[in-house]
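Peer 1: Okay, handing you the structure first.
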């Protein structure tokens, strides 16, 4: 452990002390860099660490303090934070380890104490809730694709719309066990999730208002044979909401259905059917 007095003298004095303690030249130089950085980095230095499954960041005041004045020669030292450690970006989104790029999290494997963060620009953008340029471009394209997919769905014949919904559920692990209503508009599908044994009731509508949805929700709640309900409408008449329900009700309207179709890999099918 380097004394506070030596640490304040700079890298050469720190490295010399480490060499005298038996460290190799490379280790002495490396340790001296870390100690000097801790003492000399200004209040604009961004400090980052990984703990409890998150990336944490903070800024620290310049003064270095002893944790215990009686052990100043070898005691622990600290710098006061300007604000508490934070594990969210400036928009409030959690900086969960698994949601971050490996380009950012790779420094968590560093086996010593302090190291420079690379790429620093990417880290600053992530904390400031600013997308990487290529990510921003991709999100713009995604938005355009979502809008186009919604228009494709709205152009489908109602029978094709029902087939689309059936395909989405099939590719999501649900199995159709019954189809009620035959070729009537708004065919009901009865689905089962083999992994959980859940049964779901699906109502498919090209157009619908809130009053119609509410009636279906009441019917669903009174039927003990179903665990959840899906209500799908590509061209709703106003905003649709399931409201309070004793069992899960999922409402897909507008872009929600388009998002599900893209996730299920059905864009090629849509282009063919809408053409």
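Peer 1: For segment 260-275, enumerate the residues that are in a loop (DSSP other than H, G, I, E, B) and at pLDDT below 90. I'd like the intermediate steps shown before the answer.
Peer 2: First pass over segment 260-275, keeping only residues in a loop (DSSP other than H, G, I, E, B): 264-266, 275.
Hit for segment 260-275 is 275, nothing else.
Peer 1: Are any residues in segment 236-259 surrounded by 15 or more Cβ atoms within 10 Å (Cβ to Cβ) and assigned to a strand (DSSP E or B), and if so, which ones?
Peer 2: 236, 249, 251, 252, 253, listed by residue number.
Peer 1: Give segment 169-180 a look and list any residue that's surrounded by 13 or more Cβ atoms within 10 Å (Cβ to Cβ) and modelled with pLDDT under 90, or say none. Give the steps one after another, and end with the answer.
Peer 2: Start the filter on segment 169-180 by keeping residues that are surrounded by 13 or more Cβ atoms within 10 Å (Cβ to Cβ), which leaves 169-171, 174, 176, 179.
Selection gives 176, 179.
Peer 1: So, in segment 157-168, how many residues would count as being buried (at least 17 other Cβ atoms within 10 Å of the Cβ) and closer than 15 Å to residue 262 by Cβ?
Peer 2: Matching residues across segment 157-168 total 3.
Peer 1: Looking only at segment 211-229, count how many residues are part of a strand (DSSP E or B) and in contact with a helix residue (DSSP H, G or I) (Cβ under 8 Å, 6 or more places away or on another chain). Give the derivation first.
Peer 2: Keep residues of segment 211-229 that are part of a strand (DSSP E or B), which gives 228-229.
Right, trim to in contact with a helix residue (DSSP H, G or I) (Cβ under 8 Å, 6 or more places away or on another chain) and you get 229.
Of the residues in segment 211-229, 1 are part of a strand (DSSP E or B) and in contact with a helix residue (DSSP H, G or I) (Cβ under 8 Å, 6 or more places away or on another chain).
Peer 1: May I pose another question? Please work out which one of (1) touching a helix residue (DSSP H, G or I) at 6+ places or on another chain (Cβ under 7 Å); (2) over 19 Å from residue 34 (Cβ atoms); (3) at pLDDT below 95 is the condition residue 89 fails and give its number.
Peer 2: The one condition residue 89 does not meet is (3).
Peer 1: Restricting the search to segment 9-40, which residues are surrounded by 15 or more Cβ atoms within 10 Å (Cβ to Cβ) and not in a helix (DSSP H, G or I)?
Peer 2: Of everything in segment 9-40, those that are surrounded by 15 or more Cβ atoms within 10 Å (Cβ to Cβ) and not in a helix (DSSP H, G or I) turn out to be 9, 23.
Peer 1: Among (1) without any contact (Cβ under 8 Å) to a residue 12 or more places away in the chain; (2) not in a loop (DSSP other than H, G, I, E, B), there is one condition residue 98 misses while meeting the rest; what is its number?
Peer 2: Going through the list (1) without any contact (Cβ under 8 Å) to a residue 12 or more places away in the chain; (2) not in a loop (DSSP other than H, G, I, E, B), residue 98 breaks only (1).
Peer 1: Restricting to segment 53-68, and then to whatever is in contact with a strand residue (DSSP E or B) (Cβ under 8 Å, 6 or more places away or on another chain) and outside any strand (DSSP E or B), can you tell me which residue is nearest to residue 39 (Cα to Cα)? Spell out how you get there, then give the answer.
Peer 2: Step one: of segment 53-68, the residues in contact with a strand residue (DSSP E or B) (Cβ under 8 Å, 6 or more places away or on another chain) are 53-67.
This time we only want the ones that are outside any strand (DSSP E or B), so: 53, 67.
Details: 53: 28, 67: 15 Å.
This residue is 67.
Peer 1: Right, here's the next one. If I ask for residues that are farther than 30 Å from residue 236 by Cβ, touching a helix residue (DSSP H, G or I) at 6+ places or on another chain (Cβ under 8 Å) and part of a helix (DSSP H, G or I), which ones from segment 111-159 would you list?
Peer 2: 122, 123, 126 - these are the residues of segment 111-159 that are farther than 30 Å from residue 236 by Cβ, touching a helix residue (DSSP H, G or I) at 6+ places or on another chain (Cβ under 8 Å) and part of a helix (DSSP H, G or I).
The values are calculated or read from the model by the stated rules, or taken from the named source; none is laboratory data. Just so it is clear, the structure is predicted and the values come from calculations on it, not from any experiment. Quick reminder, even Gly has a Cβ in these numbers, built from the backbone with ideal geometry, and neighbours come from all protein chains shown.
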